[in-house]
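Here is the structure we will look at, set down as structure tokens.
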Amino acid sequence: QKEVEQDPGPLSVPEGAIVSLNCTYSNSAFQYFMWYRQYSRKGPELLMYTYSSGNKEDGRFTAQVDKSSKYISLFIRDSQPSDSATYLCAMSAATGNQFYFGTGTSLTVIP
Amino acid sequence: DSGVTQTPKHLITATGQRVTLRCSPRSGDLSVYWYQQSLDQGLQFLIQYYNGEERAKGNILERFSAQQFPDLHSELNLSSLELGDSALYFCASSALDPNTGELFFGEGSRLTVL
């Protein structure tokens, strides 16, 4: 079983739609949860960062962590064509340094 | 621009050969991470260095080795290359150790083994 599972998609939505991206994990020691965005032919860039359970909002983006279900989500409101990218979840334990990435979900927002 | 520089951007070589990938971290960052990204495996952690010392090791093959130099740049050496080594290799850096969240990635080195 992989440490982190993520549906690879691809996901295609019309502009303005609400997008929901999800990951599940198996290691209960994970405390730090991240979402990275990767545009084609570029390196991943950090989008959202949360510690432990709860929600975090940043503009059109909301990250949710449910540690009891070992499930994390990223919501994108009012999606834009510029949001078209691959979104990778990542997580690490309290000791840090070893990050476990999902395989990424490819998102296309159609104008 | 993340501030992390990787060279070369593209590399094509033959099976059995050896290549070296280079990474310059962001100014002031002491930690360097190497990742391999392939279509079916996603982003796989290879190895981390902090201020010249190996800090954490992931799924790095014995044919692969890395080091971090006193000026903090890092090199990833891949030898006896196989077709399956074709992938994108990313370097990332961070200022923190242990790092619990933010990695700054370079644009990657795309390796094609023929």
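Here are the numbers for this structure:
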{"quantity": "D_trans [Stokes-Einstein, Kirkwood Rh over alpha-carbon pairs] for segment B:8-114, 25 °C, 0.890 mPa s, µm² s⁻¹", "calculated": "178 µm²/s"}
{"quantity": "25 Å tail of the calculated P(r), the protein assembly as shown, as % of Cα pairs", "calculated": "40 percent"}
{"quantity": "For chain A, radius of gyration divided by Kirkwood radius, i.e. Rg to Rh on alpha-carbons", "calculated": "0.96"}
{"quantity": "Enclosed volume per residue, in Å³, of the convex hull spanned by Cα atoms of segment B:44-97", "calculated": "85 Å³"}
{"quantity": "GNM top mover of B:F90, B:F104, B:F69 - chain B, alpha-carbon springs below 10 Å", "calculated": "B:F69"}
{"quantity": "Proximal aspartates and glutamates relative to A:K70, as straight alpha-carbon distance under 20 Å, when same-chain residues fewer than 8 apart are discounted", "calculated": "A:E3, A:E5, A:D7, A:E57"}
{"quantity": "Dipole magnitude (debye, nearest 20) for the protein assembly as shown, charges at Cβ of Lys, Arg, Asp, Glu", "calculated": "160 debye"}
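Since every read-out is calculated from the coordinates, none of them should be taken as a lab result. From a predicted model like this one, the values you see are computed outputs, not experimental measurements. Every residue, glycine among them, receives a Cβ derived from its backbone with ideal geometry; neighbour counts consider all protein chains shown.
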